[in-house]
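Following: one structure in structure tokens, then a few remarks.
The values are calculated or read from the model by the stated rules, or taken from the named source; none is laboratory data. Everything quoted here is computed from the prediction, not taken from an experiment. Here the Cβ positions follow ideal geometry from the backbone for every residue, glycine too, while neighbour counts run over all protein chains shown.
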Amino acid sequence: MTEIPCIRWYEAAQKRRSRRSFNSSPIASDLLAKIDKVCKEFKPFHGIRAVVVSRSVDKVFKGIVGHYGKIRGATVFIAFIGDMNDPYIHEKAGYTGEGIILEATALNLGTCWVGASFNPAVASSSVQLRKNEKVLAVTPVGYAVEKVSFEEKIMTGFGRTHKRKSLFELVKGLEESKWPEWIKTALEAARIAPSAVNRQPWRFNIEPGSITISVDDLKDTYNIPKRLDCGIAMLHIEIAALYRGIRGKWEFLSPPQVARFVAQIPSDSAFA
Ligand SMILES: Cc1cc2nc3c(=O)[nH]c(=O)nc-3n(C[C@H](O)[C@H](O)[C@H](O)COP(=O)(O)O)c2cc1C
């Protein structure tokens, strides 16, 4: 994939919700081929790959106790596999996986990032892991049941897990009145990104022409690295910037910082 389909993914980001109940119908072969294609072609970084698996789907989500994480009826899952020797593997996984999840959303398929409530042994044996690789997260893919089931409502705390913090709580740096349109759009898009248990660990520092993401603190909870959530926010920032006509480059940073997006703005542009 040479270009990110920014309008398609930006619009998908606005409507995506985690879905955990599916209707058990196999995915139509043309849609499945499109999912397979995006997994094979959306490879923005070395070290991370995504594989579509149509075997052992029930088993990978089976035996999970409690409401959080019960996935039912999916016929396919995608494994996000990372090279654990790469120091930035979690943010790369979040960024890459979210692109694939947004493409599935654009195809009207349901998904849910699952970083904890899956069986890693089943997931690992369903794909061929290379040396130093690990399945970092998975997502079911399928036709979500049309009406959100009562069970799903309980899992999402009747919509609570979809609520987000205000930008006021998340952003520091350049004052809001000085933000160009692309920064505003990018921050709004980052704010609605999914995160494990909706913890929203990302913090943003704004300087003229750049957005720096850091984690709120260095404690990872639920055994899911916060840098994975931050990688998802990175993709949301980039698609929103592109949606506003702004290209940029990412620079990976050391903890507690995660990465900085630097806009490439010609000096004679109205955005400068
Ligand atoms: C990295 C990551 C890991 C997640 N792990 C799980 C999980 O193990 N089980 C689960 O049911 N949901 C999981 N979720 C889904 C979140 O609970 C959900 O994204 C969050 O509550 C926000 O809701 P929304 O996706 O509907 O906006 C995970 C999400 C992310 C981003």
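Some observations on this one:
- Residue 199 vs. criteria closer than 18 Å to residue 259 by Cβ, within 18 Å of the chain's Cα centre (by Cα), within 16 Å of the ligand (Cβ to nearest atom) and basic (Lys, Arg): no
- In the stretch 12-57, the residues that are within 16 Å of the ligand (Cβ to nearest atom) and surrounded by 16 or more Cβ atoms within 10 Å (Cβ to Cβ): 12, 13, 16, 17, 18, 19, 20, 21, 22, 48, 50, 57
- For first residues located in the stretch 185-198 and closer than 22 Å to residue 210 by Cβ and assigned by TED's automatic domain parsing to the domain that holds residue 223, partners that are more than 8 Å from the ligand (Cβ to nearest atom) and among the small types (Gly, Ala, Ser) and lie 6+ apart or on another chain with Cβ distances below 7 Å form the pairs 185/240; 186/240; 186/241; 189/13; 189/240; 190/233; 192/13; 193/233.
- Filtered residue count, the stretch 105-120, keeping only those that are more than 6 Å from the ligand (Cβ to nearest atom), of a type outside the set (Phe, Trp, Tyr) and within 21 Å of residue 149 (Cα to Cα): 5
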